[in-house]
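Student: Let me begin by handing over the structure; questions about it come next.
Just so it is clear, none of the values below were taken in a lab; they were calculated from the coordinates. Bear in mind that the values here come from a model prediction, so they are computed numbers and not experimental data. We place every Cβ from the backbone using ideal geometry, glycine too, and count neighbours over all the protein chains shown.
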Amino acid sequence: MTPLILGLAGPSLTDDERAFFREVEPAGFILFKRNVVGRAQMRALTDELRAIAGRADVPILIDQEGGRVARMQPPEWPAFPPGVAFDRLYDVAPMSAIEAIRANCRALALMVRDVGVNVDCLPLLDVRQPGAHDIIGDRALGSEPLRVAALGRATLEGLKAGGAVGVIKHVPGHGRAMADSHIELPIVDVPAEELETDLQPFMMLNWAPMAMTAHVVYTAWDVDQCASLSPKIIGEIIRGRIGYDGLLMSDDLGMHALKGNFTDRTAGVIAAGCDIGLHCSGDMAEMQACVRGVSEIAPRARERLDAAMATIAEETDGVSFDSLIATRDALLALG
């Protein structure tokens, strides 16, 4: 197995993609809007990905957050609210906000599992900071660490109850970034004492099955490398200070915060301590270059992958999608 999660170009696999995926045996796959047409198409696509992988529990990821980050969209699927909706309700009724986001994320899990997706890249544990770039913005669960952690925990619980794995992101925190890491490299230049605020939600939810790193430089910890490429940040902060021992994947290797060729980027995140590199675009030449930067997945990384996928609840208690949405909406109306 290759320690990569890879994207694909369109709504169905090409012959080249089938041959490539069979050869390299990626650890998992990720879907984007370009891969999404409708229920029958998505189910056929995810069934084929599982067949190629030869693993019923192969991770098939999607970024289905709600708000502006949603790959499955109306009219085929309902729109979901962004994180800020639950943050606002928390101001009025904290327990209602927690129950609302739990129901919301359980419904999200049922929706993605219906089309064969088993990992939703939620929750964001990035603590929102005033004046920061809007790339996090209304996606955040709040500006207070304990609130972010409480809503994040309910998100993970809801996803699990609906049959999906959650991913905490973007560790060790993207909330202070003054730039969008999709476009350029953000540099956070504040003392380590201030960064303790950012770490708190990740520390409180360090039991989460999967986590995703931030392509952000934190000068208090490493002036040269972003978190995804920093052995010091991954070893001392993420694995050490935060205490995270689950599956750690990089953010997208195709983001412009990273420089250099894709072979070096991939080798770099694995050498730094990520278990898996994430490449999203589905560009074949880039994926081939990523594969050249890695070898067989490390035994400990494979153990973490298997443990994460084993957290999926195959049987749910029969609560319907519509009733979960109704519960969420009734609670959000309190705000």
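Student: With a sphere of radius 12 Å drawn around the Cβ of Arg128, what net charge do the other residues whose Cβ falls strictly inside it have (Lys, Arg +1; Asp, Glu -1)?
Tutor: -3
Student: Also, quick follow-up: Loop-only trypsin sites (Lys or Arg not before Pro) in the stretch 235-287, please: DSSP not H, G, I, E or B, and at most 14 other Cβ atoms within 10 Å.
Tutor: Passing both the DSSP loop test and the Cβ count: Lys259.
Student: Here's something else I'd like to know. As I understand it, the dipole of the chain uses +1 on the Cβ of Lys and Arg and -1 on the Cβ of Asp and Glu, about the Cα centre. Which of Ile276, Gln73, Ser230 lies farthest toward its positive end?
Tutor: With unit charges placed on the Cβ atoms, the residue in question is Gln73.
Student: With charges only on Cβ, +1 for K and R and -1 for D and E, what is the dipole size of the stretch 1-58 about its Cα centre, in debye, rounded to 20?
Tutor: 300
Student: What does the convex hull of the Cα atoms come to per residue for the stretch 1-58, in Å³?
Tutor: Expressed per residue, the convex hull around the Cα atoms of the stretch 1-58 is 71 Å³.
Student: Just grab the label-to-label distance for His256 and Asp138, each label 7 Å out from Cα along the Cβ direction, in nm (one decimal).
Tutor: Inter-label distance under the simple model: 2.4 nm.
Student: In terms of Cα to Cα distance under 21 Å, which lysines are near enough to Lys232, apart from those fewer than 8 places away along the same chain?
Tutor: Lys232 reaches Lys169, Lys259.
Student: To the nearest 0.05, how large is the calculated FRET efficiency for Val319 and His182 if R₀ is 45 Å and r is the Cβ-Cβ distance?
Tutor: 0.80
Student: Another one. What Kirkwood hydrodynamic radius, in Å, does the chain give when the mean of 1/r is taken over all pairs of distinct Cα atoms and then inverted?
Tutor: 19.8
Student: Run the reach check for Lys33 against aspartates and glutamates, Cα to Cα strictly under 12 Å, same-chain hits fewer than 8 apart removed. What comes back?
Tutor: Cα-Cα hits under 12 Å: Asp63.
Student: For the pair Asp329 and Ala285, how long in nm is the line joining their label points, each one 7 Å along Cα→Cβ?
Tutor: About 4.8 nm, to one decimal.
Student: While we're here: Going by a ≥ b ≥ c, the root eigenvalues of the Cα gyration tensor, does the stretch 29-182 fall in the rounded group (a/c under 1.5), the prolate group (a/b larger than b/c) or the oblate group?
Tutor: prolate
Student: What's the magnitude of the charge dipole for the chain around its Cα centre, counting Lys and Arg as +1 and Asp and Glu as -1 at the beta-carbon? Answer in Debye, nearest 20.
Tutor: 320
Student: Return Glu286, Glu184 ranked ascending by Cβ neighbour count within 10 Å, so the fewest neighbours appear first.
Tutor: So the ranking, lowest neighbour count to highest, is Glu184, Glu286.
Student: So for each of 115-127, 318-330 I average, over its residues, the number of other beta carbons within 10 Å; can you give me the resulting order with the highest mean first?
Tutor: 115-127, 318-330
Student: Next up: Give me the one-decimal nm value for the distance between modelled label points at Glu236 and Arg292, 7 Å along each residue's Cα-to-Cβ direction.
Tutor: Label-label distance for Glu236 and Arg292, simple model: 3.4 nm.
Student: Another one. Given R₀ = 25 Å, what would the calculated FRET efficiency be for Glu23 paired with Asp306, taking r from the Cβ atoms and rounding to 0.05?
Tutor: 0.70
Student: Roughly what % of Cα-Cα distances in the stretch 171-282 sit above 20 Å, to the whole percent?
Tutor: More than 20 Å apart: 33 percent of the Cα pairs in the stretch 171-282.
Student: Turning to a different aspect of this structure: What ranking of Met309, Met72, Met249 emerges when the number of other C-beta atoms within 10 Å of each C-beta is taken as an exposure proxy, fewest first?
Tutor: So the ranking, lowest neighbour count to highest, is Met309, Met72, Met249.
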